[in-house]
Amino acid sequence: MDPALEPQPIAADGSVAIGMDAEPAPPPRSGRARKAPREPLSHAALVAELASGIAFTAEKLVRDDTGVADMKLLNAALKELRYAFRVFARYRGIRKVSTFGSARTPADHPAYRQAHEFARRIADEHGFMVITGAGGGIMRACNEGSGRERSFGINIRLPFEQAPNEFIYRDPKLVNFKYFFTRKLMFVKEADAIALFPGGFGTHDEGFEALTLLQTGKSKLVPVVFVDAPGGHYWKQWRDYVVDHLLDESLISPADMRLFKVTDDVEEAVAEITTFYRRYHSSRYVRDRLVVRLVEPLSDVRLAALNEEFADIVVGDPIVQTTVLPEEAGEPEIAHLPRLVFEFGRRQFGRLRMLIDAINAP
């Protein structure tokens, strides 16, 4: 097996939170003194504390006389998520791209060939793993292109259209879901990038949900690319609709248009993803501060330019470059990375994406 695919160590804090919110958002400020932060718990102690909270919530459900149907839903969802967490945990150190597109696209369609080539290049040339819905069409193309070893399948059990394709069938990285909401949670939680190819209602649902989560800060910032067939106009016309009816009507802000890219070129689609991680590594919140981890430090000149250009999204003190914070003790594998630290207003996530682009600029 490729050494990069060997099981990865689980972070000491056991965090499985979506996005950058490794800690809850700070409460509104008041005149009251803040509580002093408690000492970080060990991995085992934190897991035990959180498991106790889950058990306490289950006890309250019984006291609330929750209906049988609701209890069945919660029980099945928790089982699905536990199993999915276990499958993905072994590959936590490898970047992944979630892919979406129609289950009905035939293998001789230009969009199928485009998806196949995208998945092949992002996996073979750049080491990403590819997550698909495990079905036919575009999903099959991406599993075939990336190969079984670098593929995940997140299948939804339906009475039609959705048997796992032969490139992920019976693979240990295939997870079957009863519920769309648990499946969609895993698509977003595990993704370091999202690529969408032409598709139907489901593809649009997944694309708009991804953009909503990015726009509101409910998921970590990742590159999102909408990929047409060569010379195609499917997503180009979609983008025209977004401009004409959302942007021009002031239903979204101009900076929100930076949360995604539309292209019909595989090389450009791959570059959109890989360039995002040229210098940027990851982010998390430590109470009211955003901590941006970098692959390499910025020069003083570049840091000064960031502070000047993005002063509108920085609350209080300017952006500073520093080393690992004490609160990040649960992630020793990235403790060596330099950090940018500042208080972010948590509103203009399109502007935050623009800041990351500026960090990654040559």
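Here are a few things to note about the model shown:
- Which listed residue is within 30 Å of residue 124 (Cα to Cα), assigned by TED's automatic domain parsing to the domain that holds residue 207 and touching a residue at least 12 places away in the same chain (Cβ under 8 Å), from 270, 295: 270
- Applying a threshold of 6 Å to beta carbon distances and a minimum spacing of six or more residues, or different chains, the list of pairs starting in segment 197-224 at a residue that is surrounded by 15 or more Cβ atoms within 10 Å (Cβ to Cβ) and assigned to a loop (DSSP other than H, G, I, E, B) and ending at one that is at pLDDT 95 or above and charged (D, E, K, R) reads 221/353; 222/192; 223/272.
- Complete set of residues in segment 102-122 that are more than 25 Å from the chain's Cα centre (by Cα) and acidic (Asp, Glu): 108
- Single condition residue 284 does not satisfy, out of (1) closer than 23 Å to residue 345 by Cα; (2) in contact (Cβ under 8 Å) with a residue 60 or more places away in the chain; (3) touching a strand residue (DSSP E or B) at 6+ places or on another chain (Cβ under 8 Å); (4) part of a loop (DSSP other than H, G, I, E, B): (4)
- Check on residue 272, touching a strand residue (DSSP E or B) at 6+ places or on another chain (Cβ under 8 Å), on the phi < 0 side of the Ramachandran plot and not β-branched (Val, Ile, Thr): yes
- Selection from segment 138-172 of residues that are buried (at least 21 other Cβ atoms within 10 Å of the Cβ), more than 13 Å from residue 119 (Cα to Cα) and in contact (Cβ under 8 Å) with a residue 60 or more places away in the chain: 154
- Qualifying residue in segment 22-42 (condition: at pLDDT below 95 and within 28 Å of residue 196 (Cβ to Cβ)): yes
- Qualifying residue in segment 246-265 (condition: of a type outside the set (A, V, I, L, M, F, W, C), part of a strand (DSSP E or B) and modelled with pLDDT of 95 or more): yes
- Residue list for segment 104-124, restricted to those being more than 20 Å from residue 190 (Cα to Cα) and either surrounded by fewer than 20 Cβ atoms within 10 Å (Cβ to Cβ) or without any contact (Cβ under 8 Å) to a residue 12 or more places away in the chain (or both): 104, 106, 107, 108, 109, 110, 113, 117
- Residue 288 being at pLDDT below 95 and assigned by TED's automatic domain parsing to the domain that holds residue 325: yes
- Within segment 186-196, tally of residues that are assigned to a helix (DSSP H, G or I) and surrounded by 19 or more Cβ atoms within 10 Å (Cβ to Cβ): 3
- Residue in segment 318-331 that is over 14 Å from residue 354 (Cα atoms), within 22 Å of the chain's Cα centre (by Cα) and aliphatic (A, V, I, L, M) present: no
- Subset of segment 312-350 (residues that are buried (at least 18 other Cβ atoms within 10 Å of the Cβ), in contact with a Leu (Cβ under 7 Å, 6 or more places away or on another chain) and assigned to a loop (DSSP other than H, G, I, E, B)): 337
- Hey, residue 156 at pLDDT below 95 and under 21 Å from the mean Cα position of the chain (by Cα) or not: yes
The values are calculated or read from the model by the stated rules, or taken from the named source; none is laboratory data. Being a predicted model, the structure only gives us computed values, none of them experimental. Because the Cβ atoms are built from the backbone with ideal geometry, glycine has one as well, and the counts that use them run over all protein chains shown.
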